[in-house]
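The structure appears below as structure tokens.
Every number here is computed from the coordinates shown, using simple stated rules; none is lab data. Bear in mind the structure is a predicted one, so any value in this text is a computation, not a measurement. Methodologically, a virtual Cβ is constructed for each residue, glycine included, from the backbone with ideal geometry; neighbour enumeration extends over all protein chains shown.
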Amino acid sequence: MFSNLRRTKLLFDLLTAAILIAVTLFAIFPLVWTFLTSLKVEADIVTSTMQYIPERVTFDNYVALWQRSGFPQLVTNSLIVTTLTMTICMSIGSLAAYSLSRFRFFFRDQMLLLYLVVRMFPAVLMIIPLFIILRNLGMLDSRFGLALAYTTFLMPICVWMMKGFFDAIPVDLEEAARIDGCTRLGALNRIVLPLVRSGLVATSVFIGIASWNEFLFALMLTTSQGSRTWPVGLQLMVGEFQLPWGTLSAGGIISIVPIIIFFSIVQRSLIRGITAGAIKG
Amino acid sequence: MRKNSRISSGLSRRQFLKGLGVSGAGLMLAQAGLMRLAAQAGSINYWHHFTSESEFLGLEAIMAQFKERYPDIDLIQENIPNADFMARFTAGVLADTRANVSMVTTERLADMVAMEGLVPITDRVNSWELREYFPDNRWTGITVDGEIYGVPAFSFVDWMYYRKDWFEEAGITPPTTLDEFRAACVALTDPAQGRYGFGMRAGGGGQAFIADMIEAFGSPLVVDGEVAIDRALAIEAMDFWSGLYKDGLVPPSAPGDSYRQIMEGFKTGQTGMVWHHTGSLAEIQAAMTPDQFGTATKPTGPADTLTRTSFLYNGLMKDENADAAWAWVSFWGENDPAITFLEATGYFPASTAVADDARIAENPIYAPAIVSAAQGKLPPQFIGFAGWSQEIALPAFQRILTGESTVEQAVDEMISGLADAL
Amino acid sequence: MTSSDVLEAPTGRADPAFPLFSLLGRLSESRGWAYFLIIPSLILIMVVVIYPVISGILMSFQELRLTRPGSNGYIGFEHYIDLVSDRIFLRALQNTVVWVIGGVTSQFLLGLITALALNRGIFGSRLARIVVLLPWILPTVAAGHMWALMLDPRLGVINDILVRLGFLDSYRAWFADPSTAMPAVLVVALWQGFPFFTLMLLAGMQGIPDDLYEAASVDGANPLQEFIHITLPLLRPIIVSTVVLRVIGLVNAPDLLIILTNGGPGDATQMLSLYAFNKAYASFDFGYAGAISVVMFIILMVFTIVYVRALRATQE
């Protein structure tokens, strides 16, 4: 009986390892290829003989990228827009999600759907009215305006995801705390937040990535170098009569780096902040 | 401090203009420029779809020259990817956040004017001292109902690239008619070596060839705002064009091949001929040796040429600050900027004064372009052309290639789709 | 004292140093608390959403061709009547259904399997967890073009590998053949999309208390039984949210398709989102594009309501 259980566990561990290896390969291969491509000279990319390992390794693509595309400015803009979006979305959105998860009130279900309306209505038709709204608010071609636009599109995701995470936490825990004399706010802070920690991190990662990568609205709502974001800069490298594979893949690789650094910082401080609260309280 | 710098720049500007009087046109312009300078100040926005590195270097060089001439004009360039250009333009017009100057192409002109996105500049053009260097066909492509909406900046002349070495090997010369073209495709195609005669563009952008073919076989598309496609001729045209694919003379990837793919096919030795225009010369030159490729005029169809010459224009989107905007728009027509741009990009100038320049006239690689430029037609100009060719004509043609419809069905779709678009 | 300490004040008792917090604490006991939490987000949504949605709906009842300023005006349901007989629309609708079902199913399954595997915490999972998220971080512009390069009929490394392994005789043009174009696009979407499910489902799994599993394993449950009786039921709310959001995302986001196929070859990958985009910005027919958008909106709304209801019904 006991050895049988152990055999099952070993079997599942092996299966797990096999799955992880396969999925990791699937996930990483295109990125490895992007990286290899970024080290090649153009003639070794557009060639009839496939080169797996670049024969002539060059960093020219990275240099060209740095010199040409106003990269630092674009990435700074992207980081600012992403941070603003994440902050507004997560603070306002999680509160609403908590309320929608814990309280029963009139039109609650309809309200949940209302949040989704924003995302259900095709962006194609939202662009021009949104353009006009931002113009009237004087926020066209500004980083804050773009963050505001993103917030409206990402807030529903935040609300829906966070509601899911809140729903997953048993209500009894909170009620127990309230019997001990906590206010609702205190219970939210001490009991619920620590439990949805991974949900909060996951949702903010989602929102961060979504706003970091967004293209269409960034293109339409900004024009000047001072507020344009990195994906627009990346798209602009794809010329009408030129598709510089080397530079584009270098751009792809570079665009992964800041977001990994950014999230490793955010994620750590987010977890630390919340766990600290839980322990002390 | 600010005042001082303005005075000193004014001085250098005068000195600069004095030194400029070399060519007749230049002198004339210098004088005219001096007279107008007072009115030209302020800030103007310029929307364009230059994106590639060489185009961007060319634009920056022209902007630097412009700044030297008009130091009081602040020119702000804003680049928009070509694929999204009309979306951005539309939003700008609808929300009334227009730029001062926008790039305009002939294919888009009708749509842009119809949505009231451009301001006519007929009077300015007619009193422009450099107008004589731009023959009438330059203006036809930017005229709607007798009003001129822009100034030609440069041009793209259709031509063909071919593999010199393959042609020598097969003992043939560049084809001049479509029959010869097909024969050349047959001669060059060798599946065993992975070689195909021609790189057909039937993916994105391939719509242009459909309109070209139908016209080259003798059928107009639209006459007086009515559908004028001759069904029999259009079927003949599409039969010929899709026949190249069905007979295996072009790569099997053709239905998905866009500009990038046909050029990569040519560069990697998969295809022996590709059709494009002078805009891609720099790219081909960078990738291939002079022994490998040559340029030639495109073959002519049974009834009409397949060659088009299109001009890229700059036009005004609003009246505000129009003098400064006109200064920028007309600046592109001058010799120096045009040559600067040619050197950076290889893009053909629109002005005849520049086209006679030794750097172009004496370069053998450009010879076919000079011939083509003389006989090239302008792209179709009717409202709805872009939408029809992209949404109806191209998918219909692709379905012939993939075997989902017959030539007749596809042509019928094109005709009824055109009626809806008009 | 830092602001986080403020938030940690355990009770709502009046604390003169932090009147705001005690006020909030008292407010949290009142009946308005639920609304108080929602209102900021609602205001933001209302300000930005109401006008675009209403204008979009109104557009669909108008002839609104920007290039025909003279002929514009209200025409009632004419666009909707036209849609019924529009061959491209019907094809796009059909493709969208395939795209959404194929996309959600494949991404959900791979995401779930990956999350389950990662949650077992075997050696190396920490690294795998980061790697698995990377596809999602790459901007669509770069991801789309890089996949186009890898699947390219001339330069494609995937073609080369498949030829070397003997699965193919020669390089395939995946996006040029109507029978392979859709599967190829779905693979790219799977690559880009499964990390979303992995991230969210994994986060959900980590919220499940360990003692539930411990109790189950004492009872002799194997991992499969644990999955069916503990993990899946507790993940249900997160599964609902992720699936709804992904369905909406797949219906409405044409960016990957624009780069890879632009709807071709023929209409093989034509989708409602692409069709609406082209109607608006290539033909400038905003009325018709509006009608397509409203139809998409209604389909999504009906789907969401039915799906959420159905899941709730099975739950109870």
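For residue B:68 and residue C:82, a Förster radius of 60 Å and the Cβ-Cβ distance give a FRET efficiency of 0.60, rounded to the nearest 0.05.
Placing pseudo-labels 7 Å out from each Cα toward the beta carbon at residue B:116 and residue A:58 gives an inter-label distance of 5.2 nm. The mean number of partner chain beta-carbon atoms within 10 angstrom of a residue's beta-carbon across peptide C:64-70 is 5. Note on segment B:243-267 and segment C:136-185: Cα centroid distance 16 Å, given to the nearest whole angstrom. Peptides A:201-213, C:23-35, A:19-31 ordered by packing proxy, namely the average of other Cβ atoms within 10 Å per residue, highest first: A:201-213, A:19-31, C:23-35. Take the Cβ atoms of residue C:72 and residue B:339, set R0 to 41 Å, and the FRET efficiency comes out at 0.35.
Between residue C:167 and residue C:57, the C-beta separation translates, for a Förster distance of 45 Å, into a calculated FRET efficiency of about 0.35. Computed from Cα positions, the angle between helix B:231-246 and the longest principal axis of chain B comes to roughly 80 degrees.
What longest region of chain A stays clear of trypsin sites (Lys or Arg not before Pro) that DSSP places outside H, G, I, E and B and that have at most 16 other Cβ atoms within 10 Å? Don't skip to the end; give the middle numbers.
On the way: sites that count: A:56, A:104.
Between exposed loop sites, the widest span is A:105-281.
Could you tally the net charge around residue B:167, taking each other residue with its Cβ under 13 Å from the Cβ of residue B:167, Lys/Arg +1 and Asp/Glu -1? Mind dumping the intermediate values first?
On the way: positive: B:163, B:164, B:195; negative: B:165, B:168, B:169, B:180, B:291.
Here the count lands on -2.
Here the peptides C:137-145, C:296-304 are ranked by packing, the mean other Cβ count within 10 Å, and the order with the highest first is C:137-145, C:296-304. Per-residue ellipticity at 222 nm, computed for the protein assembly as shown from helices alone with -39500 (n - 2.57) per DSSP H run of at least four residues, works out to -20000 deg cm²/dmol.
Converting phi to 3J(HN,Hα) with the Karplus coefficients 6.51, -1.76 and 1.60 and the offset θ = phi - 60°, segment B:66-79 yields 5, 5, 5, 6, 10, x, 8, 9, 8, 9, 10, 8, 10, 9 Hz in sequence order, with x at every glycine or proline. Counts of other chain beta carbons within 10 angstrom of each beta carbon in peptide B:113-123 average 2.
For the pairs A:40/B:246; B:164/B:298; B:246/B:267; B:377/C:279; A:9/A:163, note any where the Cα-Cα span goes beyond 25 Å.
Values: A:40/B:246 36 Å; B:164/B:298 15 Å; B:246/B:267 23 Å; B:377/C:279 28 Å; A:9/A:163 34 Å.
In this structure, A:40/B:246; B:377/C:279; A:9/A:163 exceed 25 Å between Cα atoms.
The distance from the alpha carbon centre of segment B:60-111 to that of segment C:191-215 is 50 Å, rounded to a whole number. Between amide H atoms placed 1.01 Å from N, distances below 5 Å from residue B:195 occur with B:190, all of them 5 or more places distant or on a separate chain. Length gained on full extension, residue A:175 to residue A:21: 51.1 nm, using 0.36 nm per residue less the C-alpha separation.
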